[in-house]
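Below is one structure, written out as structure tokens; the observations come after it.
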Amino acid sequence: MTNVKHLFFDLDHTLWDFETNSELTFKQIFKEQNIAIGFSEFFKIYSPINMKYWRSYRDNNISKEELRYKRLRETFDNLDFEISDELINIIAKDYIDYLPNYSNLLEGAIEVLEYLKSKYVLHIITNGFEEVQRQKLEKSEISHYFDVIVTSECVGVKKPNPKVFEYAMEKAKAGANESVMIGDSFEADVLGAMQVGMKAIHLVEGKNDSTEFIAVKSLHEIKQYL
């Protein structure tokens, strides 16, 4: 990639190991609340339900509060596990409070950030909640790598809405032709960035035949292109 000056990273599933940290958070909550349920069974049901509600939240069909409640209620209902709304609301709040305390990053994250920081200006664009995402960056000790940190919540719209990318580039004083978006979501990160003229790198397992963007299977591979 030529003429690149600014790199914009997604956070969850791209740098921050969401799956591992989420599992550890639920394990802590279940232990504290004495919830007697098989954790692997719970997470197997919860993961796709969570993704479904995140897509709905991203598309502005539900509120933040509905997302936090409904993903848990539907999971427990699918498991035929009786639980009160009061306890679900406690779990939902504790999850948000505890999640940033776990700071596992994807393999190679620090090494790649160190390598790229010496060559480019790095930024974050994330669809996560403002109060949670900033804590994640601080507690995983990677916030200092980034000049501009933009959450969809502070912009008022979510990726792939072009306004998020335009807002981030404006704050970073970056042009689209000198900017690259790096993320795991094809729709939110890759297509979202390309529609405003940015280049894109897709972090994904599997084959990519597209010539419009670069796909890598690990963070380490990014160094081959930047």
Helix 64-78: inclination vs the chain longest Cα principal axis, degrees, rounded to 10, gives 50 degrees
So the angle from the long Cα axis of helix 85-98 to the longest Cα principal axis of the chain, reported in degrees to the nearest 10, equals 40 degrees
In degrees, nearest 10, the alpha-carbon axis of helix 130-139 is tilted away from the dominant principal axis of the alpha carbons of the chain by 80 degrees
In the structure shown, of Lys70/Lys136; Lys93/Lys171; Lys163/Lys199; Lys31/Lys52; Lys5/Lys117, the pairs separated by more than 20 angstrom at the C-alpha atoms are Lys70/Lys136; Lys93/Lys171; Lys31/Lys52
Relative contact order of the chain (C-alpha contacts under 8 Å, at least 6 apart) in percent is 25 percent
For Ala200, the residues 5 or more places away or on another chain with a placed amide H closer than 5 Å to its own amide H are Met181, Ile214
Which of (1) 18.1, 57; (2) 17.2, 54; (3) 18.1, 54 gives Rg and Dmax of the Cα atoms in Å as computed here? It is (1)
Partner aspartates and glutamates whose C-alpha sits under 15 Å from that of Lys173, ignoring same-chain residues fewer than 8 away, are Asp147
Relative contact order in percent for region 18-101 (Cα pairs under 8 Å, 6+ apart) equals 36 percent
Taking placed amide H atoms and a strict 5 Å upper bound, the residues 5 or more places from Ile124 or on another chain that come that close are Phe9, Val148, Ile149, Val150
Residue by residue through region 158-166, the couplings from Karplus 6.51 cos²θ - 1.76 cosθ + 1.60 with θ = phi - 60°, in Hz, x for Gly and Pro, are 10, 4, x, 4, x, 4, 5, 5, 5
Taking R0 as 45 Å and r as the Cβ-Cβ distance between Leu226 and Asp80, the FRET efficiency 1/(1 + (r/R0)^6), rounded to the nearest 0.05, comes to 0.35
Output ordering of 137-143, 119-125 (per-residue mean of other Cβ within 10 Å, highest first) is 119-125, 137-143
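A short reminder: the numbers here are calculations on the coordinates, not readings from a lab. In this text, all values refer to a predicted model and were calculated from it rather than measured experimentally. FYI the Cβ positions are ideal-geometry reconstructions off the backbone, even for glycines, and counts take in every protein chain you see.
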